[in-house]
1. Dividing the convex hull volume of the alpha carbon atoms of region 53-202 by its residue count, what do you get in Å³ per residue?
2. Report D for region 1-138 in µm² per second (integer): Stokes-Einstein, Kirkwood Rh on Cα pairs, 10 °C, 1.306 mPa s.
3. Indicate, rounded to the nearest 5 percent, the antiparallel portion of the DSSP beta bridges found entirely in region 134-282.
4. Give me a comma-separated list of calculated 3J(HN,Hα) values for region 122-128, in order, Karplus coefficients 6.51, -1.76, 1.60 applied at θ = phi - 60°, integers in Hz, x for any Gly or Pro.
5. Identify which of PHE143, PHE308, PHE237 has the largest mean-square fluctuation in a Gaussian network model of the chain, with springs joining Cα atoms closer than 10 Å.
6. Under 10 Å, Cα contacts only: if you run a Gaussian network model on the chain, which one of ALA156, ALA236, ALA213 comes out with the highest mean-square fluctuation?
7. Can you send over the carbon and sulfur percentage of the accessible area for region 107-258, probe radius 1.4 Å, protein chains only?
8. Using Cα springs under 10 Å in a Gaussian network model of the chain, which residue among GLY212, GLY299, GLY98 shows the largest mean-square fluctuation?
Amino acid sequence: MAKSSSSQVITCKAAICWGIGEPLKVEEIQVEPPKSYEIRVKMLLASLCHTDILCTRGFPAPLFPRVLGHEGVGKVESIGEGVEDLEEGDLVIPTFLGECQECENCRSGKTNLCLKYPLILDGLMLDGTARMSINGQKLHHIFSCSTWSEYMVINANYVVKINPSIDLAHASFLSCGFSTGFGSAWREASVEKGSSVAVIGLGAVGLGAIEGARMQGASKIIGIDKNEKKREKGEAFGMTDFINPDGNSQKPISELIKDLTGGMGVDYCFECTGVAPFVNEALLATKPGKGETLVVGAGTHQTVPINFLSLLCGGTLKGSIFGGLKIKSDLPILLDKCKKKEFLLDNLFTDHHQVTLKDINKAFELLKQPDCIKILINI
């Protein structure tokens with residue numbers, strides 16, 4: 001059994017959000033050593049996900065102060081008691097779901113929400129305490145981790161060890177966004193060969209869904225985004241048709257999709273923006289009686305209006321978290337595809353879409369640029 005190499009509190013820099021709408025502050029914090037079944041990780045790279053932006057607005061709960069970031073890659077610095085299969089120096093990516101492979105949910109084959117290692121919503125460790133603090137005040141993280149910090153502590157059941165040959169930037173992108181989209185088409189929906197697909201929102205999640213649909217053999221993949229520059233990005237991942245709602249008539253998105261499918265709609269529609277009205281548009285864009293709509297993007301709305309008749313006539317509306325992926329059963333498959341260069345992840349970012357931790361607020365501005373999909377953060 002591996003032992004921790006360090007029992008000391010580490011003082012390091014981290015990006016802290018102190019309240020809704022406030023700019024992040026990079027400040028010195030204290031990171032405690034890992035307790036049982038935990039590891040302390042020296043972060044190398046991180047990335048910016050849409051959910052991080054939502055968290056600055058109080059999603060899923062207004063927990064402040066909070067160290068943001070849930071995508072990233074780092075090196076194991078020290079190990080707590082009971083941790084197996086990990087050693088100091090291993091490269092890992094964090095996830096926000098665990099997989100015990102033994103609980104009712106894990107054995108059901110119907111969900112990736114593990115009961116033993118659940119989705120953490122209180123921003124604390126599983127024992128309800130914090131490992132990060134600033135001047136004695138506890139700091140919340142996002143779900144299971146805080147990657148916008150030079151060091152963080154995370155339960156070992158929420159990380160995946162990666163091969164050192166994998167591009168670290170690509171590994172960071174696979175810890176949430178792109179994997180979420182890919183999994184929604186591959187694992188959650190199990191898109192069938194020859195089927196038609198529509199993807200609303202062509203950020204990293206949407207492009208992942210396009211890639212998943214392509215690998216599953218979909219014959220028609222429609223991408224929808226108001227940013228014309230997303231056309232080229234979508235085509236790089238397998239999109240066959242593109243709709244810019246702002247460049248068309250006043251028709252709703254569902255009608256524009258039906259115009260490309262002979263009036264029938266698509267077999268599968270993936271809503272990847274988190275914009276509440278688009279959920280209903282996605283449902284209306286699917287084939288009557290057999291179409292499937294998957295809600296993949298996170299949003300801040302508590303409720304959304306839904307067309308009752310579409311559901312009554314057999315339409316399926318389903319939510320999806322992390323694309324239905326399980327971190328032990330599925331994520332290693334994606335990492336292997338990444339190692340073999342089967343994912344064209346270089347299309348997700350450019351060299352000028354990188355920032356250092358101290359310039360973290362610049363990342364939010366860069367993301368507004370039309371050609372920006374992902375931001376890489378050098379920790």
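The values are calculated or read from the model by the stated rules, or taken from the named source; none is laboratory data. These numbers were taken from a predicted model, which means no experiment stands behind them. Quick reminder, even Gly has a Cβ in these numbers, built from the backbone with ideal geometry, and neighbours come from all protein chains shown. Surface areas here come from the heavy atoms of the whole protein model, side chains and all, with no ligands, DNA or RNA. Shrake-Rupley method; radii C 1.70, N 1.55, O 1.52, S 1.80 Å.
1. So the per-residue hull volume is 154 Å³.
2. In µm²/s, the coefficient rounds to 97.
3. Approximately 15 percent, going by the DSSP bridge assignments.
4. 9, x, 10, 6, 4, 8, x
5. Maximum among the listed residues: PHE308.
6. Top of the fluctuation ranking is ALA236.
7. Roughly 46 percent of what the probe reaches on region 107-258 is carbon or sulfur.
8. With Cα springs under 10 Å in the chain, the top fluctuation among GLY212, GLY299, GLY98 is at GLY299.
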